[in-house]
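Since the structure comes first, as structure tokens, the remarks are kept for the end.
The values are calculated or read from the model by the stated rules, or taken from the named source; none is laboratory data. These numbers were taken from a predicted model, which means no experiment stands behind them. Positions of Cβ are backbone-derived with ideal geometry, glycine not excepted, and every protein chain shown enters the neighbour counts.
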Amino acid sequence: MDHQTFVNYKNYRYLKLILWMVLVAIGAYALHQPSFGAYGGTWLGYVLGSLSAAIVLLLLWFGIRKRQYNGIGQLKGWLSAHIYLGAALLVFATLHTGFQFGWNVHTLAYALLVLLVINGFYGVYAYLHFPRMITENLGDDSLQDLLNKIAELDRLARTHALQLPDDINAIVMKACQETKIGGNVLQQLTGRHPDCPTAAAVKVLREYGHDLKFGHPKLYRELYLIMLQKETLVARARRDVMLRSHLEVWLYLHVPLAVALLVALTAHVTAIFFYW
Amino acid sequence: MKRLSHPALKPEHYKIAIIGSGPSGLSAAAHAAELGISHILLEAEQQPAHTIRKFQKGKLVMAEPRALPLRSPMSFSMGSRESILAKWDEEIVKYGINLRLGAQVCTIKRMAQGFVLGLATGETIHAEYVVLAIGLQGNIRKLNVPGEDLPRVQYQLDDPDEYEDETIVVVGGGDTGVENALALRHKNHVILINRFSEFVHCKEANLAALNTALKQGEMECRLSTYVEKVESTPDKAYPLLLSVRTPEGTEHIPCHRVIARLGARPPRDLLESFGIQFPSEDPAAVPQLTARYESNVPGLYIVGALAGYPLIKQAMNQGYEVIEHILGRPVEPADEALLRQKFAKIPYINSVEQGLTLIRQRVPLLATLSSLQLRDFMLESDIVALNPGDVVFRRNDYSTSFYCIIEGVVDVYVKDENGPPNFHLYTGEFFGEMGLISGRRRSTTIKASSHCLLLESPRQTMLRLTQSMVSVRRMIDAVSLKRTVQLHIGLSLSAAELDYLVRNAKFRQYAAGEVIWHQGDKADGLYLVRSGSVAISRLIGGREVVLSYVSAGNYFGEMALITGTPRQRTARAAVNTEVVILEAERVAEMMERNPDLLRQLNARYLENVRHELSDEIVQTSADSGNLIAFLVQQGIGEATDVLLIDETICTRCDNCEKACAATHDGTSRLDRKTGPVFDQIRVPSSCRHCEHPHCMKDCPPDAIRRSVDGEVFINDTCIGCGNCVVNCPYDVIQLASVDSGRKPPSLWQWLLFGRGPEPGGRAGAPSQNATKIAVKCDMCKDLADGPACVRSCPTGAAIRVSPQEFLDYAVWRKSKVG
Ligand SMILES: Cc1cc2nc3c(=O)[nH]c(=O)nc-3n(C[C@H](O)[C@H](O)[C@H](O)COP(=O)(O)OP(=O)(O)OC[C@H]3O[C@@H](n4cnc5c(N)ncnc54)[C@H](O)[C@@H]3O)c2cc1C
Ligand code: HEM
Ligand code: SF4
Ligand code: SF4
């Protein structure tokens, strides 16, 4: 059974295509000896420049095609072409510059392109890496299932804590009310919540547990167990949020970078034709 | 509605008593009233047309079949439930129908002269003729405790939004009860009461929703609890007091309302108590009637849904006709014109009667049908005229029609349709019967050999016929048995040899998961799979490892016959499966006599051994014991095409769902997040296009069809009755508003100006009175490039496979991951 993903689509059709194109481009660049040195304005420079611009437009078109739900071809085919042509841009655009860089809009466009390609590579890594970890972490549950289970444990914990001393009750209440799963962007990305009230509650309960001067040892042990269970569930839920953010975060950069590149590229082309 | 005559004083006498005021009963009563015949229309409920009144509020009631003219004094055309009922209420008064409400008929006794009807109230009514029109809904089960009929004790729920801030007790742990309780919980304090200790009669999805709601404290629930009585109280705050017996003792619950959803008693028992006979034990069987709708009890007529006519217009036409029949007047049935049109295809037939006679004479299979049955059969079938060389269907097509040859000869090609035909079929024979059984692709190609007239009947029509006519089923079974054997292994056998081989052959059914034989059992025969599929497995290192998967149209069990040893494998039905078993001795004898057969079985055996050796090691590690349990449990084996999502590369982007919604009127027919998971492969909630679609049974307008390529889809005659939603075990059909006026969101508007929703999102709320019809995956059969979900998955996580490919995929994935 041979299964096609965006990486090996049609037996690496687009990888093969760009390998040929890159070889030809490098060969041409090596053979080509323009009188003023290599730069974008030679005939080869124009060819490579137009090719790169065309590819950029094609890559941008992916954003459109992705939403044309009855468009031509398979989306995985388009993404396959997207990643390989995108990678090839690094070669075409670099050769196009002839290694002439400066502090100007032309180099800005180039820099954006490089950033975009690097960012895109991370995307491919993320797509191949995190989905499996997400399922491994969640098992048959969904995030909503975890949250429901946590809510149920919270309810149990509260009824238990009501019958225990006030200070314990207070910590448990705090853990129920103030435990955050998602949090701000940083917390989502790192999955770390240094002063998590649930972890704190578990810690306190463990310490208190040593001197059993409470009247309800059974209730106390049950509460401890509940909070422990909750702590692992919370950890799983946070891990889910973290994995998902790693899976998606790059795309929040990819699209703005792509738009920025489009703007810079337009400026670059306009500058060349009008202010020669 | 007012009561037009007073009972109690002396037993009442009518010429015709009509029981049930649904469309059929109303139509009959209106016609009787119009003719001035003494009649009474008895209705169990407090309002006429109770079934229609129970439809969802604002439901658009359809007037299918469109081609059938309406023949009734009562009017009916497509319109909202409310408008139709209002019109009928008017017409009841206009014709002076003698309607009695709250009159549930419990007994019917035949006397020397006419009948005596006994009502639940204890009254009796005498009538010369009885028309039974009580539909199929059965009688709603009431609480059966004191206070069951108090106001605010109700047995249905039209619109959950009608109630607010009330304490409502819902009684009943079935789907309806749970659904009602869930729908009410947002605005009310709801207590659900279930007689059982668990919700055993409840769909998975409802159960999950219920558990969540209970956990979140949104409603309460009492298990193992029985209702004892309901009393009304003077208390303004809580007008009802419900007493229940819980495991802990009696509890009194003050409340505003009690909604009991206890199901209905199917009408069959009641009918049998009236002396009406059914042709078979099959729950779908319909009482046998004459062409004049008379049952086996003379003078007792049956019309409407109860007589097997599931649509309103048919029911109304019959109501009219039955009165004419009782009066002994010849009446041309409403479908006469339609039938005449059908027979026009046969040049030498001038009347419907002549046509029906011809069919009976030519086709022995249909000879025993009553006129009524044959007429219905013809209405749903088509006469097709073919020229020599025309193809009826091709091998591997997914068509499921059944054909009878009225005239001419057809050629049957088993493998090569360009070579010489393998055999012929002549006038009076039938073909396509395998489609009735397995729901798989056609195994042969059939072409007309001469000019032919064929009678083409839809699968559903044939199934209904075989359910009610045992003789028809026997005839088809006998022929199909021989053909199965011939196709599987007997192409080289002579007719006499074939006869010998199939003698004593048995059909046998197995439930999903049932073991057909165990490793080590004595070999009793060769097994041909007629429908369903079978997993062959072996114990390796103490674990059951699946070696192969035998689908309908193939055989298994040859190994032990050839090697002469006991069974070396275990065979287990992967889904409900039917097999034909050929006696071991006869097969062995045939192998000796016929070298072709021996060669064929041997080749098959060697191939199997090779296949098993090549896959065995991988499969062992693939934990396929679990895989088979999974396939069986989830019913994947009965699928023909399953959507899978490989979660190891699914980026959860939801593009598959968006694509489905965008190409299907804004409603996604798949749910990526739910559905069972096996080894990181999810089977999302989405139609699997079952071999035997459960959804198809009980669709009144027969709107669920299977296309030539195998997609199960719902066409535009759907009336939104929701039967299929209940019948699909995989919960993949939903009732959704379709609103052709609604435009899909525009991509460019959204992209450039941020206007409107993103494509694939909801295209705004449907307009208020948009009709709800059943929607499900149609595999994008109308899109040129195939399913949008798969085509729109950016990574290739979403794929569509057959069950066999599922196995391969799981194994391949395992080998990749290691
Ligand atoms: C949800 C839903 C939607 C549907 N939508 C459509 C549609 O759009 N178009 C269409 O053509 N068909 C539709 N149908 C089918 C349609 O409802 C039936 O074909 C039709 O109601 C059959 O009419 P009937 O007269 O045979 O029986 P019913 O309409 O069922 O009437 C039977 C009557 O008999 C009464 N009764 C029962 N038992 C007794 C008794 N013992 N004594 C006295 N009275 C009794 C009942 O209370 C009832 O009023 C739908 C069905 C359902 C369930
Ligand atoms: C100049 C270069 C590029 C441009 C202009 C570009 C543009 C885009 C655009 C417009 C999208 C659609 C985003 C959306 O609508 O959700 C996209 C998606 C994507 N790009 Fe690029 N891209 C470029 C380079 C690359 C490269 C080099 C790679 C990888 C090596 C890459 C990988 C991806 C991936 C994986 C997606 C996500 C697909 C999805 O989940 O829908 N891109 N890109
Ligand atoms: S709707 Fe349900 S029963 Fe019908 S074919 Fe699909 S999965 Fe099978
Ligand atoms: S389209 Fe593919 S990647 Fe996106 S959610 Fe669906 S299966 Fe997963």
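Worth pointing out:
- For the range A:19-29, the criterion of being more than 16 Å from ligand 3 (Cβ to nearest atom) and either part of a loop (DSSP other than H, G, I, E, B) or among the basic types (Lys, Arg) (or both) is met by none of the residues.
- Put simply, of A:PHE92, A:PHE101 the only residue that is more than 16 Å from ligand 4 (Cβ to nearest atom), in contact with a Ser or Thr (Cβ under 6 Å, 6 or more places away or on another chain) and not in a helix (DSSP H, G or I) is A:PHE101.
- Count - residues of the range A:158-192 that are basic (Lys, Arg), loosely packed, with under 15 Cβ neighbours inside 10 Å and free of Cβ contacts under 8 Å to residues at least 24 places away in the same chain: 2
- Single match in B:ILE168, B:ILE134 (criterion: assigned by TED's automatic domain parsing to the domain that holds B:SER21, within 30 Å of B:PRO48 (Cα to Cα) and either away from ligand 3 (no atom under 16 Å from the Cβ) or touching a Cys at 6+ places or on another chain (Cβ under 6 Å) (or both)): B:ILE134
- Qualifying residue in the range A:242-254 (condition: more than 14 Å from every other protein chain (Cβ to nearest Cβ), touching a Leu at 6+ places or on another chain (Cβ under 9 Å) and closer than 30 Å to A:VAL105 by Cα): yes
- Residue in the range B:292-299 that is part of a strand (DSSP E or B) and either under 25 Å from B:ALA49 (Cβ atoms) or modelled with pLDDT of 95 or more (or both) present: yes
- B:THR484 being under 30 Å from the mean Cα position of the chain (by Cα) and outside the structural domain of B:ALA584 (by TED's automatic domain parsing): yes
- Residue match in the range B:183-199 (condition: closer than 30 Å to B:LEU311 by Cα, outside any loop (DSSP other than H, G, I, E, B) and more than 14 Å from every other protein chain (Cβ to nearest Cβ)): yes
- Out of B:PHE115, B:PHE76, sole residue that is within 30 Å of the chain's Cα centre (by Cα) and on the phi < 0 side of the Ramachandran plot: B:PHE76
- Selection within the range B:754-806 - within 16 Å of ligand 2 (Cβ to nearest atom) and at pLDDT 85 or above: B:ALA788, B:CYS789, B:VAL790, B:ARG791, B:SER792, B:CYS793, B:PRO794, B:THR795, B:GLY796, B:ALA797, B:ALA798
- Matching residues, the range A:77-115, being of a type in the set (A, V, I, L, M, F, W, C) and free of Cβ contacts under 8 Å to residues at least 40 places away in the same chain: A:TRP78, A:LEU89, A:LEU90, A:PHE101, A:TRP103, A:ALA111, A:VAL114
- Some residue of the range B:35-44 being modelled with pLDDT under 95, within 15 Å of ligand 1 (Cβ to nearest atom), loosely packed, with under 15 Cβ neighbours inside 10 Å and assigned by TED's automatic domain parsing to the domain that holds B:VAL93: no
- Identity of the residue in the range A:122-168, facing chain B (nearest Cβ under 9 Å) and small (Gly, Ala, Ser), that ends up farthest from ligand 1 (Cβ to nearest atom): A:ALA126
- Only residues that are more than 19 Å from B:GLY435 (Cβ to Cβ) and either of a type outside the set (S, T, N, Q) or not in a loop (DSSP other than H, G, I, E, B) (or both) were counted in the range B:469-523, giving 31.
- Among the residues listed as B:ARG375, B:ARG395, B:ARG340, B:ARG362, the single one being in contact with a Gly (Cβ under 9 Å, 6 or more places away or on another chain), within 25 Å of B:ARG473 (Cα to Cα), of a type in the set (Lys, Arg) and surrounded by 14 or more Cβ atoms within 10 Å (Cβ to Cβ): B:ARG362
- Residues being touching a strand residue (DSSP E or B) at 6+ places or on another chain (Cβ under 8 Å) and surrounded by fewer than 19 Cβ atoms within 10 Å (Cβ to Cβ) - total across the range B:518-543: 5
- Members of the range A:94-109 found to be closer than 27 Å to A:TYR12 by Cα and surrounded by 22 or more Cβ atoms within 10 Å (Cβ to Cβ), listed by number: A:LEU95, A:HIS96
- Meets criteria (part of a strand (DSSP E or B) and surrounded by fewer than 14 Cβ atoms within 10 Å (Cβ to Cβ)) for B:GLU272: no
Residue-by-condition table, conditions (1) at pLDDT 90 or above; (2) within 25 Å of the chain's Cα centre (by Cα); (3) closer than 30 Å to B:TRP88 by Cβ:
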position: B:GLY304; (1), (2), (3): yes, yes, yes
position: B:ILE312; (1), (2), (3): yes, yes, yes
position: B:GLY328; (1), (2), (3): yes, no, yes
position: B:GLN361; (1), (2), (3): yes, no, no
position: B:GLY389; (1), (2), (3): yes, no, no
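- Filter result for A:ALA81 (within 14 Å of chain B (Cβ to nearest Cβ) and either exposed (fewer than 14 other Cβ atoms within 10 Å of the Cβ) or more than 16 Å from ligand 4 (Cβ to nearest atom) (or both)): yes
Table: residues versus (1) surrounded by fewer than 19 Cβ atoms within 10 Å (Cβ to Cβ); (2) closer than 30 Å to A:SER50 by Cβ; (3) of a type outside the set (Lys, Arg); (4) touching a Ser or Thr at 6+ places or on another chain (Cβ under 7 Å).
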{"position": "A:HIS216", "(1), (2), (3), (4)": "yes, no, yes, no"}
{"position": "A:LEU225", "(1), (2), (3), (4)": "yes, no, yes, no"}
{"position": "A:GLN229", "(1), (2), (3), (4)": "yes, no, yes, no"}
{"position": "A:LEU262", "(1), (2), (3), (4)": "yes, yes, yes, no"}
{"position": "A:LEU265", "(1), (2), (3), (4)": "no, yes, yes, no"}
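- Test result for B:ARG652, within 16 Å of A:TYR127 (Cα to Cα) and free of Cβ contacts under 8 Å to residues at least 40 places away in the same chain: yes
- A:ILE64 vs. criteria in a loop (DSSP other than H, G, I, E, B) and within 14 Å of another protein chain (Cβ to nearest Cβ): no
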